[in-house]
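See structure below.
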Amino acid sequence: MLNTDLSPHAPKREMFFRVRDFDWSSRPLGAQDGWPRSLRTVTEMLLAHPFAMIVLWGPDLIQIYNDAYRVIMGRKHPAGLGEPTRDCWSEVWAFNAPIYQRVMESGESFEFSDQPFTIHRCGDVEQAFFTLSYSPVRDDDGGVGGVLVTVIETTARVHAERAAREHQAEVESRNQALEAFVNLTRDLTLSANPYALIRQAQDIVLSLLPEGFVLYYELEGAVWRLKSQVGDLRNPSLQATIDQGLPYKTAQNLVRPWLTRTSHYQNDYDKTTDQLQAEQVAHVHATATLPLLVRGEPRGVFAAVMFNEHRWTGTDKAVLDTVVRSLGLALEGAQSLVQLTEERRKLEAVNEELEAFSYSVSHDLRTPVRHILGFNALLRRALNGQLNEQAERYLSVIEQAARRMNTLIDALLELSHTARLPLQDGVVDLGDLAQAIVTELEADALNRQVEWQLAPLPLVVGDSNTLRQVLVNLLSNALKYTRTRDVAQIRVWAEERPEEWEVFVGDNGVGFDPRYADKLFGVFQRLHRQDEFEGTGVGLANVRRIVTRHGGQVKATGQPDQGATFSLTLPKQPRLGG
């Protein structure tokens, strides 16, 4: 009996007692008191060791193993104790036999990581993975008496890593599909047909899932009509039934998401759900039906059908819900785009008519104004010396009004010309432009004291000629409305925004009532009397039109007698059109 023969300090676990009490005399190893010291030593060591170990001794490779290895034995324990390993592990003998032979004959050692085995340790066939080391155990004479096998089962880790890799691959493939759908929605302007977009979404969904088909239905009256199909239904009778249309009430797989506006998933399709013939849907297993919502209202139902058994995972549901929700948003965008395109077309037509009208009227008005001025001059000559003071004043008012009309006609023509002139984009140095304009304006203000404060201005992309018009209008206005000041102060600066520049022109002039700021940029809108400050009321309207065509905005702030500040924004990126 192995009691004190093994170290008295060896832990007294189950296998300690089993090895001690086992009838070894009936086995090739013989009674324990006849064992070689080397076998007794290695047995003592493995019984005390926490790692799974088994020693295979003698020509028959008789098994002695510890408590940790007992777990690996499964139902093979306890019969495997003292049994030849070939009989105990016959299912892996083909792999182990040559290794044991090399260890026993030449004393070599071997290691294997995550080695797969098909084993029967618990009655059922299973695939398990192990990291193993095979080492020779010397007998008392120095020869190889057995093989020590250290085993670490890695089945759980290998399966977890494999599942993680599969999950990662699945996520990556689905991300690629979603990216494809994002690209599709980004290009929705290429097609005004919503069903083309729906079909692309169906293609993407089918690429994510096992074999099956994807259908899209819309409700027409009391019938579900198939509007788009991707994939073969594999049943001509089912195809014919669906092509004819499904009654509203009987197709509950479609009714439910339509009414609840939530997705409906079936891991095992209930063949009675849609009241179809059993033979038509015998090959259908998993189904998913999702409402396609456009602006919160159901437009149709998106159906994915799987031929093989399939459980809808959280990832599956998230992807399908995302695709269909994105499809709804894309269709909303397509509708908005169609409406916007139509409104833009109408607006462009109206603008063209207005511009043509302005141009025509401006030219047509010149003739009667020219006649008024001409006949007014003839009347003066005809009545030379006969005009009293009152008559002279009347004729002067007529002449001034006619000349004022000519000025307004010229301004209207300039406004029309600005709107029709194509923009020629290039790099514009606003600093150089502003400095050149200030130099020109200083010639008109020789008798005034004007302080110009020009901060550095950016380089922008735009049309140099029209941007010059903008700065000329703003700077000449600042000079005009500060002429009542002893010292005029005009400041020009710029501030950088993430996607644009904002340019400011501020002065200490007469300012304006901020309640009427919205009128400043309208045609013929003026906040000061003509006898106070000359002007046509067209310059700022021209500024707004030019800046808008560059993709920017204009605004003005001010207070009466406290000066005014006008600003305009210009995008950093070039315009896409103008």
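The values are calculated or read from the model by the stated rules, or taken from the named source; none is laboratory data. Everything numeric here is computed off the predicted structure, so don't read it as measured data. With ideal geometry, Cβ positions are generated from the backbone for all residues, glycine too; neighbour counts draw on all protein chains shown. The protein model used for the area step is the full one, side chains on, heavy atoms only, and it has no ligands, DNA or RNA in it. Shrake-Rupley method; radii C 1.70, N 1.55, O 1.52, S 1.80 Å.
List of remarks:
- Of interest is the spacing of the C-alpha centroids, which for segment 109-125 and segment 188-262 amounts to 49 Å.
- Surface share of carbon and sulfur [accessible, 1.4 angstrom probe, percent] for segment 245-293: 52
- Cleavage-rule hits (chymotrypsin sites (Phe, Trp or Tyr not before Pro)) in segment 36-74: DSSP loop, at most 13 neighbouring Cβ within 10 angstrom: F51
- Only one residue of A31, W93, S113 has its Cα farthest out toward the positive end of the dipole of segment 1-130, where Lys and Arg carry +1 and Asp and Glu -1 on Cβ, and that residue is A31.
- Anchor K317: lysines whose Cα lies under 29 Å away (excluding residues fewer than 8 positions away in-chain): K227, K249, K271
- Probe 1.4 Å, accessible area per residue of segment 34-75, Å²: 39
- Prolate/oblate/rounded label for segment 228-356 (Cα gyration tensor, a/c 1.5): prolate
- Solvent-accessible area per residue in segment 208-290 equals 47 Å², computed with a 1.4 angstrom probe and all protein chains kept.
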